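Engineer: My structure is below; once you've seen it, I'll send some questions.
The values are calculated or read from the model by the stated rules, or taken from the named source; none is laboratory data. Every value quoted in this text rests on a predicted model; they were computed, and no experiment measured them. A quick note on method: Cβ atoms are made from the backbone with ideal geometry, for glycine too, and the neighbour counts reach across all protein chains shown.
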Amino acid sequence: MGRKRNDEKIQVVNIRMVKEPSLYSEDRITCPEDAVKVIAKELATYDREVFAVLNLKTNGQPINFNICSVGTLDASLVSPANVVKSGILSNAASMLVFHVHPSGSLRPSQEDMDVTKRLIAASDLIGLKLLDHVIVGGGTNKVFSFRNEGLMEQLRPKNREWER
């Protein structure tokens with residue numbers, strides 16, 4: 001056996017959460033409903049699709065807020081891994097996800113439904129409960145809640161092999 005070349009070495013990396021200055025320091029958040037109001041107000045100012053997650057403690061208190069994806073006027077690429085990553089690193093018990101429809105429309109697209117279904121399955125698999133997916137109408141401060149419309153349970157996969 002010969003010597004190992006430098007390009008064959010396995011690199012060691014570290015992944016860490018980095019605290020950023022608070023965007024919402026003037027508004028007190030005491031429950032998830034307050035968070036929806038504050039975050040929807042902030043996200044409504046975006047002129048493109050933005051997908052974000054709010055991570056919560058077991059008592060529902062917000063831990064942090066993370067923008068997972070910034071897209072175009074009518075689309076955003078959403079990876080379940082990127083959505084749950086900050087929740088895992090924050091030791092969150094649950095999460096709320098938000099995204100902006102810059103057009104102001106609150107109607108969920110088929111892509112919105114598909115992403116929500118994938119996020120429900122992924123979060124169920126790892127034990128990080130997805131409480132709601134909220135669509136924010138750009139420039140309107142109006143929101144559409146998948147939970148309030150009964151879509152969270154409707155989209156939950158029926159055949160969950162990992163629970164057997």
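Engineer: Taking the residues in the range 136-149 that are within 21 Å of LEU77 (Cα to Cα), out of contact with any Pro (no Cβ under 6 Å at 6 or more places or on another chain) and of a type outside the set (S, T, N, Q) as candidates, determine which candidate is surrounded by the fewest Cβ atoms within 10 Å (Cβ to Cβ).
Structural biologist: Taking the range 136-149 and keeping what is within 21 Å of LEU77 (Cα to Cα), we get 136-138, 143-146.
In the following step, the residues that additionally are out of contact with any Pro (no Cβ under 6 Å at 6 or more places or on another chain) were identified as 136-137, 143-146.
Checking which are of a type outside the set (S, T, N, Q) leaves us with 136-137, 143-144, 146.
Numbers: VAL136: 28, GLY137: 20, VAL143: 20, PHE144: 18, PHE146: 23.
The extreme case among them is PHE144.
Engineer: Could you count how many residues in the range 32-75 are over 11 Å from the mean Cα position of the chain (by Cα), crowded, with 21+ Cβ neighbours inside 10 Å and under 16 Å from THR116 (Cα atoms)?
Structural biologist: Residues flagged as over 11 Å from the mean Cα position of the chain (by Cα), crowded, with 21+ Cβ neighbours inside 10 Å and under 16 Å from THR116 (Cα atoms) within the range 32-75 amount to 1.
Engineer: If you don't mind, another one. Which condition breaks for VAL134 when tested against (1) at pLDDT 90 or above; (2) assigned to a helix (DSSP H, G or I)?
Structural biologist: With respect to (1) at pLDDT 90 or above; (2) assigned to a helix (DSSP H, G or I), VAL134 is out only on (2).
Engineer: Another question about this same structure. Report yes if VAL83 is touching a Cys at 6+ places or on another chain (Cβ under 8 Å) and outside any helix (DSSP H, G or I), otherwise no. I'd like the intermediate steps shown before the answer.
Structural biologist: Details: touching a Cys at 6+ places or on another chain (Cβ under 8 Å): yes; outside any helix (DSSP H, G or I): no.
So VAL83 fails the test.
Engineer: Name the residue, out of PHE65, PHE98, that is within 15 Å of PHE144 (Cα to Cα) and aromatic (Phe, Trp, Tyr).
Structural biologist: Residue meeting the stated conditions: PHE98.
Engineer: Return a yes/no flag: does the range 102-124 have any residue that is surrounded by fewer than 20 Cβ atoms within 10 Å (Cβ to Cβ), touching a residue at least 40 places away in the same chain (Cβ under 8 Å) and in contact with a Gly (Cβ under 8 Å, 6 or more places away or on another chain).
Structural biologist: Yes, because at least one residue in the range 102-124 is surrounded by fewer than 20 Cβ atoms within 10 Å (Cβ to Cβ), touching a residue at least 40 places away in the same chain (Cβ under 8 Å) and in contact with a Gly (Cβ under 8 Å, 6 or more places away or on another chain).
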